[in-house]
Amino acid sequence: MADELLVHTEGAVRTLTLNRPEKLNALNPAVHEALAAAFTAIESDDTIRAVLLTGAGRGFCSGADLMQNLGGTQRDLGAAIDQHYNPLVRRMRALPKPIIAAVNGVAAGAGANLALAADIVIACESANFTEAFIRIGLIPDAGGTFFLPHLVGDARARGLAMLGETITATEAAAIGLIWRCLPDAGFAQAALALATSLAAKPTQAIAAMKQAFNAAATNSLDAQLDLERDLQRTMGRTPDFAEGVRAFAEKRPARFTGAATPP
Ligand code: T3D
């Protein structure tokens, strides 16, 4: 695995740390390739039940590395999106495990939207978010035009995208762009604790929720009700449902394994 991405496992949590701190973790092809390899490994590893995505140094991610756009020949940005950004967002949303983005500093452009592609986004108080694209004549990509209105409504989405203003993590939490803003002190530990608690939850249920939330974006209520029924039917056959009910009856904490079928 390249140094551009640090990969660390603690228990059932795999932490991916974007690691180009001198460029505020701007995304270049090497980072994208390392991320793709990391997600491929996570997809096939049942022992990993949560993913924590964060950045090294003072930034989370400053978006696409703009230096690759300097020079005489114009790059086809659509090709870069096809090759790297869209597959990344799609596999994050499809991953049958929770992804927590721990935004430890500035999240700009595709870096902000990379965070929003996670299932739960937390940020430390000194972090901030900016849909910086407009400053360089681009539109929000990496799912930005989809995530923003879903999360904060059309009015705020348009304001954020068209003005490109920077908002603090506190504001981001207040408008529902992210789950929570946490103190700077102990942020990394708090992020790991959150990921660890998610990794101990019934993983199949989280996977099914992701499937349902993904489908809700385009489904009618009728279709969504049917999907919930089908998914719940599957959940009702998991060992974690049996364990959850048993633990409730025995008045003890449940010990979920995340398995789809009994051992
Ligand atoms: O190209 C494609 O593949 C298509 C896809 C496009 C998707 C996109 O993400 S487009 C949007 C790209 N991102 C941006 O436009 C943000 C650019 N960065 C900034 O506006 C600012 O750096 C920040 C607001 C993020 C942070 O500002 P500040 O003052 O805290 O830090 P700084 O001094 O600007 O940056 C520190 C260093 O990181 C600096 O390098 P230096 O001068 O010390 O050698 C700066 O150039 C570098 N850096 C920051 N962002 C990027 C970057 N280098 C390359 N690409 C960046 N995106």
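Below are the figures for this structure:
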read-out	value
Some residue of the range 117-137 being hydrophobic (A, V, I, L, M, F, W, C), assigned to a helix (DSSP H, G or I), under 26 Å from Thr17 (Cα atoms) and more than 9 Å from the ligand (Cβ to nearest atom)	no
Single unsatisfied condition, Asn113 versus (1) out of contact with any strand residue (DSSP E or B) (no Cβ under 8 Å at 6 or more places or on another chain); (2) surrounded by fewer than 22 Cβ atoms within 10 Å (Cβ to Cβ)	(2)
Options Arg237, Arg233: the member that is over 24 Å from Asp45 (Cα atoms) and open to solvent by 60 Å² or more (accessible area, probe 1.4 Å)	Arg233
Test: Asp141 is closer than 26 Å to Ile42 by Cβ and outside any helix (DSSP H, G or I)	yes
Test: residue in the range 112-124 that is within 25 Å of Ala79 (Cβ to Cβ) and of a type in the set (S, T, N, Q)	yes
Residues that are within 15 Å of the ligand (Cβ to nearest atom), closer than 26 Å to Ala193 by Cβ and more than 11 Å from the chain's Cα centre (by Cα), drawn from the range 61-106	Cys61, Asn104, Gly105, Val106
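The values are calculated or read from the model by the stated rules, or taken from the named source; none is laboratory data. Being a predicted model, the structure only gives us computed values, none of them experimental. Here the Cβ is made from the backbone with ideal geometry for all residues, glycine too, and neighbour counts use every protein chain on show. All accessible areas refer to the heavy atoms of the entire protein, side chains included, with ligands and DNA or RNA removed. Shrake-Rupley method; radii C 1.70, N 1.55, O 1.52, S 1.80 Å.
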